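Each remark here refers to the structure printed beneath this line.
Every number in this text was worked out from the coordinates using simple rules, so none of it is lab data. These figures come from a predicted structure and were not determined experimentally. Positions of Cβ are generated from backbone atoms using ideal geometry, with glycine treated the same way; all protein chains shown enter the neighbour counts.
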Amino acid sequence: MTQITDPCHPETVRAAASHQARARQIAGELAAIAATGMVLPGSITQRRTRGGRGNCACHADPPRLHGPYWQWTRKIAAKTVCRWLSPARREDYQAWIDNDRRLRDLLGQLEELGAAALDADPRWQRQPAPANHRTRQASS
């Protein structure tokens, strides 16, 4: 039998077979997303606005706002960055944002599997050292 040296190898810590199967399934989903090559963090929202002309219907009561307009928003270095999108671009980029959200979800699932494997590791249930172990050594 060969010695496994990779600490991330599933045989290093015996994970439940169901956990290993789920991890393989997640890896397949991650590979499918990676194959598209398109991931975009942020969100797309629909906006309706008022114009600057006072006699426009957007200033009436009730107002009929201009739009809808589509806006992509994300945070970069604690600053909000926005871009206006055409309806066609909104459809394209929404799929990329969906990929990003799915990646984050899959990563969370992998983290849960890792935590469950850690909790199930029998090496955590070591026997405590005898209480009088130090006193015997000190008196010798």
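Check each of the trypsin sites (Lys or Arg not before Pro) in the stretch 53-119 and keep only those in coil by DSSP with at most 13 other C-beta atoms within 10 angstrom; list them in order.
Answer by residue number: Arg53, Arg64.
Tell me, what does the Kirkwood hydrodynamic radius of the stretch 13-105 come to in angstroms if you use every pair of distinct C-alpha atoms?
Kirkwood hydrodynamic radius for the stretch 13-105: 16.5 Å.
For Asp105 and Glu91 in the same chain, what is the full-extension length gain: residue separation times 0.36 nm, less their Cα-Cα distance, in nm?
Fully extending the segment from Asp105 to Glu91 adds 2.9 nm.
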